[in-house]
Amino acid sequence: MSKIATQKVTLQVADGTSMDAYLARPAEEGKCPGMLVLQEAFGVNAHIRDVTERFAREGYVAIAPELFHRSAPGFESGYDNFPVCMPHLQVLTVPGQAADMRAAYDWLRAQPQVSPERIASIGFCMGGRASFLACATLPLQASISFYGGGIAQGLLDRVPDMQAPILLFWGGQDHHILPEHTRAVEDALKKAGKAHIDVTVSFADHGFFCDARASYNPAAAGLAWKLTLQFLDTYVRGAAATAHA
């Protein structure tokens with residue numbers, strides 16, 4: 001599917017706040033799977049909107065909620081100004097993010113164009129951690145986490161609650177997420193018997209999927225995108241999706 005429609009929508013969160021989100025969907029009629037696209041620390045910026053649109057072209061109704069909506073509605077930052085992101089990162093809470101993702105998930109389920117039993121999540125950096133949390137919070141069919149920082153330090157207690165297979169990408173050259181962190185995540189998933197695929201791209205750095213960052217690696221990004229789509233075809237669109245449901 002190539003023709004898509006985009007718009008901004010406003011969601012109501014259980015804590016009484018309102019949250020804007022960027023929506024991209026196939027223009028054609030018919031039932032589609034849903035996708036939560038979870039932002040980096042730099043906001044629902046041009047790159048995250050582009051990823052959301054890429055999923056729409058693959059036939060998903062994709063929504064990117066603004067996870068900084070409590071502290072900075074509409075926040076966007078360039079990749080060369082991480083300090084401006086820090087105040088908003090520091091006030092994020094696990095319950096708040098869980099409520100935000102629940103609001104986006106419930107909104108997707110209520111859309112006539114969305115197949116309510118075929119919803120997945122994907123996230124990058126901060127959003128990779130959020131996608132891991134979404135997998136432990138929502139009845140998803142699949143989750144994908146790109147170089148999610150802080151999972152080993154703050155979310156391993158959620159592993160027993162994981163509700164779907166998860167695909168994790170790490171950069172072998174990443175100096176922010178260390179090998180001991182990725183091993184801790186994989187060990188916890190193995191111990192809990194949770195279905196997962198753990199991929200370390202030896203030649204890639206943190207942020208390798210984002211073509212707006214200096215660390216962008218086209219080869220790694222291309223391979224990861226193909227594997228992402230295959231993973232989703234298996235667990236969201238294919239026979240395994242039916243069996244998992």
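The values are calculated or read from the model by the stated rules, or taken from the named source; none is laboratory data. Note that the structure is a prediction, hence the values are computed from the model and not measured. With ideal geometry, Cβ positions are generated from the backbone for all residues, glycine too; neighbour counts draw on all protein chains shown.
Collect the residues in region 114-133 that are crowded, with 24+ Cβ neighbours inside 10 Å and among the β-branched types (Val, Ile, Thr), keeping them in residue-number order.
119, 122
Among the residues of region 186-215, count how many are buried (at least 16 other Cβ atoms within 10 Å of the Cβ) and of a type in the set (Phe, Trp, Tyr).
2
Of everything in region 1-30 that's out of contact with any Asp or Glu (no Cβ under 7 Å at 6 or more places or on another chain) and of a type in the set (Gly, Ala, Ser), which residue is farthest from residue 106 (Cα to Cα)?
Going through the qualifying residues, I end up with 2.
Kindly indicate the residue of region 147-181 that is aliphatic (A, V, I, L, M) and in contact with a Gly (Cβ under 8 Å, 6 or more places away or on another chain) and also farthest from residue 209 (Cα to Cα) among those meeting that condition.
In this case the residue turns out to be 151.
Any chance you could count how many residues in region 114-136 are part of a strand (DSSP E or B) and under 8 Å from the mean Cα position of the chain (by Cα)?
Here is the first cut: in region 114-136, the residues part of a strand (DSSP E or B) are 114-124.
Those still in the list that are under 8 Å from the mean Cα position of the chain (by Cα) too: 121-124.
Number of matching residues: 4.
Does any residue in region 137-160 that is at negative phi and aromatic (Phe, Trp, Tyr) come within less than 6 Å, Cβ to Cβ, of a residue that is assigned to a helix (DSSP H, G or I) and buried (at least 24 other Cβ atoms within 10 Å of the Cβ) six or more places away or on a different chain, and which pairs are these?
146/128
Would it be correct to say that residue 23 is farther than 16 Å from residue 211 by Cβ and within 13 Å of the chain's Cα centre (by Cα)?
Judged against the criteria, residue 23 is not a match.
Give me the strands (runs of 3 or more DSSP E) completely within region 16-109, filtered to those with at least 3 residues that are crowded, with 18+ Cβ neighbours inside 10 Å and at pLDDT below 95, ordered by residue number.
Ranges flagged: none.
If I go through region 216-237 residue by residue, how many of them are more than 24 Å from residue 118 (Cα to Cα) and either touching a Lys or Arg at 6+ places or on another chain (Cβ under 7 Å) or surrounded by fewer than 15 Cβ atoms within 10 Å (Cβ to Cβ) (or both)?
Going through region 216-237 one residue at a time, the tally reaches 3.
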